[in-house]
Each structure stands twice: as structure tokens, then as C-alpha cells.
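In what follows, a single structure is set out as C-alpha cells and then discussed.
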Amino acid sequence: MSYYIELCNNQVKIVNAQLRHDSSIVVDAARTIFTVFDADAMENVSHEIKDMGGKTDKTQLIVNNNAVLYKELRVPKLDRKQTAKVVENEMLSVQNSRQSQVSTWIGLHEKPDAEGLTRILGCALPADRLNDYQSLFTAIGCKKPRGIDVGNHALIEYIRCSELADETAPYIVAEVSTGICRTFLFDQGSFIMTRNARVATDDTNQLIQTIREQVSLMQQFQSTRRTDARAVMAYLFGDLNGMEYLIQNCTVDDDVTDYEALPPLTDITAPADFSYLAYVYILGSVAGNYRDVNFLETQKNLKKEAHAVSADTKKTLWIGAACMIPLALAAFWLVSQNAAVQKQVADEEAYLSDPERVAKVQKIQEQQSQINLYNEISGQLEAAQYINDTYLPTAASGLVQPFYGFKGVQVDGISFDSSKMTAECSTNNIDSPYAYVNYLQGTGRYQKIVYNGFTKNDAADAENGNGKLAYVFTVSAELYRNSPALSTQGDTILGDFAIPDTGVQEK
């Protein structure tokens, strides 16, 4: 048997269940704790599981609360790694804060449209919430958790395993729980969208009116999608007492919509007091493929990638420092040699002031030619030094250096204005632009990273080997305001923008 824990906004549901090889489900016990998820809730969940008996090695969480972020996306045909990069970048736009998050997606099993794009449902969880959920596994003594799922995926899996799986006509699924009414639209067997509304469950008449209104709004949306197919069926589920009464009274005086209870899964063995309508999300997670959405595995892979990027950054800094040392030594030698020659020329001119030393004028002219040659070489070296300082920053260039610290991305130029830095970049790897943006955001040195996608570089000609990279893109970094002015080589280039105090020490 395995424990399935659904984390809602104001309650935690626990079911001890098992999926057999014949796809039947056996439910041993079920509990509901009315609490907000916090440290006390962890202790209560641990106590309830111990009271229900059995080991907790096989445990899965279903996050079904406001912590989950969803966004519908249309993406081209890509492999899983490339799709993950696209989803990660797109999910950052769902929230306005710079809070760290972990994202994945739900495949909606639709065929590509005329443009070759497929609909998927992106979902994300804040990284700190994932840490709390892992703490819950530790609190209940689960050393090898199965994974972390989300509510929308669990419901989609429930529908896929129910008698509605083959239904092609549009229909609406509505959840009625304490304080909330969620409506989900399905059409041609695919999930389309969801809506949420606050409800007062202590007033039955008002609750029925709200359910009808939400179903009507979803029907209106369906009519904008397909005028030839209306959603006339609405299936209700939830954990409120009297669900059958709600269903019957929603149907009264409504000649447009038929209300029924959400059909049960075909083969469930459970205690007599077990109401499947209250545990639909958990049953969907039991019956479905939990590996499609597993935030634990996604977070583990992100940590591996971050470690690899960090190692590459250190390598780039060491290379940059190694390149600077020979240039600095050469510049010092030339300055010393030039000073020595100038002193020698001054002595020679004083010596030649004597008429008897006219014979040495020719020697002075030769030495002056040597000085001119040294000055020319020094000027060329200063130009090379300027290019090196501009395009190969050292570790002390706190705002510019991170742009050069990502393996696989070539920075073709950086420009500044009063509030941001803009880098023109190119790469041969289609994954690099998204990873590059997330890498810059993760440094904590910039207020905001602006990225509008990459394009194919028409100037690149791999066949002729002209050295141009295949893809080009632009990244802008908006800088922090109200900081002390930052100067480089005596010239203030950033005005009142400077590196924020992130606590990161330069290596």
C-alpha cells in the first residue's frame, strides 16, 4: 500500500491505497485534516499516518493549492530537454517576483496544429515550497518518496481513466469544496481550460446560483471556440456534504445544462464510508502515470545543471586572468625600456651641445628613431589592452563579467545606457539562450533580465565554414537603482547603477 497526501489550501487529505496490476484500486483508509500547511500540519499528518498503520516508504504528494502556477503554452516539436527549457523560461513570466521556482509541464496529448505547434500545460512550484514538501517526507519517515504531483494533472489523469475518456463532445467538470468552485472545460477528449471562483458554502441557494454562473461562463467560452458544439453536460464532485442535493437542485429550472455526479473509476474496492467524490484528485494520481509530472526529479536535474554551469564559469575566469598576465608584463617592460631610452637621449643632447660633438648628431637621430618605434609599439599594445579590457573582463568587472561566463554562448558586443546593459549573443546550441537567461537571472546582480527569443543567423554558413554561429539573440539586464556610482578605469559608465549587495564573493 502507498500513502497519497493531497495538500489543499485549508486542508490535507490522506489516502492509503494501492494500484493493482489489473488497474483496479484498493483503498484501505482515508482521512481529512482541516489545517493550513505548516510545521504543525506536518506533525498532524505524521500522527495520522502512524494511526492509519503501515510503512511510509511509498508516499506521493499532490499539491492542489494556490502555490501551483499554471500557464497554457504552444510549443514546436522538441525533445524533452528542449521543451523543459522553453517551459522554464515561459513560466518565469507568470509571477512578477524574482522568487526561485521549479517548472515542468503536462502533455495534453493533442495533435500539432497547422503551424506545427502542440498545446501543453506548464506548471511551476516555488523552490522554497518544494523544500517544505521534502521536509514533510522527512517528518513522516519516508526515505524514498514516489514524487510530487499537481492537482490539474491528477484530475486530467482521473478523466483519462474514467468512462469520460472516449467522450468527444464538450463537457464541464466542476469541483465544489469549502470556499471555492473550480470549473474545468474538456472538448474532444482534451483539457481546455479552468476557472476559479470563491463561494459561500453556508448558503445553499447562493452556492447553487454561483455554480450555475460558473458553468454558464464556461459554456460562453466554449461557444467562442466552437459554435457547432455546446457543453451541455456538467459533472460535479467535491468534499461537501449533500453533493447529491446540490446536483439535483442545480438541474431544477435549468433546461440548458444537465448536472450529474462525476462518474467513478470502474473498479475501486474501498470501505463503506469512503466517498470517491471527495478524493478525486488522489484517485487520479493513483490511477494515472505519476512520472509525467514529478517535481522531485525536475529539481534534482536542475541542481546538476547549476553545478555544471558554476564549474564552467570558474574555468572562464581563470582563462581570462591567465590572458591578462602576459599583456600586463609586456606593457610594464615597454614602459621601462621607453623611459631608459628617453633618459639616454637627454644625456646625449647635452653632450652634443659642445661644437666638438657635432659628429654624434647622427647617433642622436638614430636613437630618436628608436624612441619613435617604441612609442608606436606602445600605442599598439595600449589598443590591444583596451580591447582586452572591453571584451575579456576580469573577475573584478562585477556587472560585465557574468555575460562572458557561460559556456556555449559567444558575446559579440555589449552596449550601455543609463539603466541597462545589452548583449548581442550567438550560439550553435538551441538550448543555450534559455539556459543563458536563467544563468544571468540566478547571479542576483541584475534587477531584471529581458529576453525576446532567438533567431536563426542568416549570415552563418556551416557548409563554407565562415565561422558564424547558427543562432543569434539579444539579452538586456536592467540594473539596480539608488546605488553608489560605479567607475571603471576612471570613467563613470553606469551612473547611479551598481552591483547590489548579494553576499556573493568574487573569485
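Number of residues in the stretch 202-217 that are open to solvent by less than 50 Å² (accessible area, probe 1.4 Å) and touching a Ser or Thr at 6+ places or on another chain (Cβ under 9 Å) equals 5.
So that you can scan it fast, the table gives a plain yes or no per residue for (1) buried (at least 18 other Cβ atoms within 10 Å of the Cβ); (2) within 18 Å of Val12 (Cα to Cα); (3) without any contact (Cβ under 8 Å) to a residue 24 or more places away in the chain:
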residue: Asn64; (1), (2), (3): yes, yes, no
residue: Lys77; (1), (2), (3): no, no, no
residue: Gln82; (1), (2), (3): no, no, no
residue: Val94; (1), (2), (3): no, no, no
residue: Ser103; (1), (2), (3): yes, no, no
residue: Asn131; (1), (2), (3): no, yes, yes
residue: Ser135; (1), (2), (3): no, yes, no
residue: Ile140; (1), (2), (3): yes, yes, no
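Within the stretch 23-42, the residues that satisfy the criterion of being modelled with pLDDT under 90 and over 27 Å from Leu240 (Cβ atoms) are Ser23, Ala39. Scanning the stretch 219-250 for residues that are surrounded by fewer than 16 Cβ atoms within 10 Å (Cβ to Cβ) and either in a strand (DSSP E or B) or more than 40 Å from the chain's Cα centre (by Cα) (or both) gives Gly242, Glu244, Tyr245, Gln248. No other residue among Glu90, Glu110, Glu72, Glu115 is in a strand (DSSP E or B) and either among the charged types (D, E, K, R) or modelled with pLDDT under 85 (or both) apart from Glu72. If you go through the stretch 135-181 and keep only what is within 26 Å of the chain's Cα centre (by Cα) and part of a strand (DSSP E or B), you end up with Gly147, Ile148, Asp149, Val150. Applying the criterion of being of a type in the set (Ser, Thr, Tyr) and over 30 Å from Glu48 (Cβ atoms) to the residues of the stretch 142-193, the residue that is surrounded by the most Cβ atoms within 10 Å (Cβ to Cβ) is Thr183. The numbered conditions (1) open to solvent by less than 60 Å² (accessible area, probe 1.4 Å); (2) over 27 Å from Phe186 (Cβ atoms); (3) under 26 Å from the mean Cα position of the chain (by Cα); (4) at pLDDT 85 or above are all true for Asn16 except (3).
Checking Ala278, Ala272, Ala261 one by one, the residue that is within 26 Å of Arg230 (Cβ to Cβ) and of a type in the set (Gly, Ala, Ser) is Ala261 and no other.
The values are calculated or read from the model by the stated rules, or taken from the named source; none is laboratory data. Model, not experiment: these values are computed from the prediction. FYI the Cβ positions are ideal-geometry reconstructions off the backbone, even for glycines, and counts take in every protein chain you see. Protein only, heavy atoms only, side chains kept; ligands, DNA and RNA dropped before computing areas. Shrake-Rupley method; radii C 1.70, N 1.55, O 1.52, S 1.80 Å.
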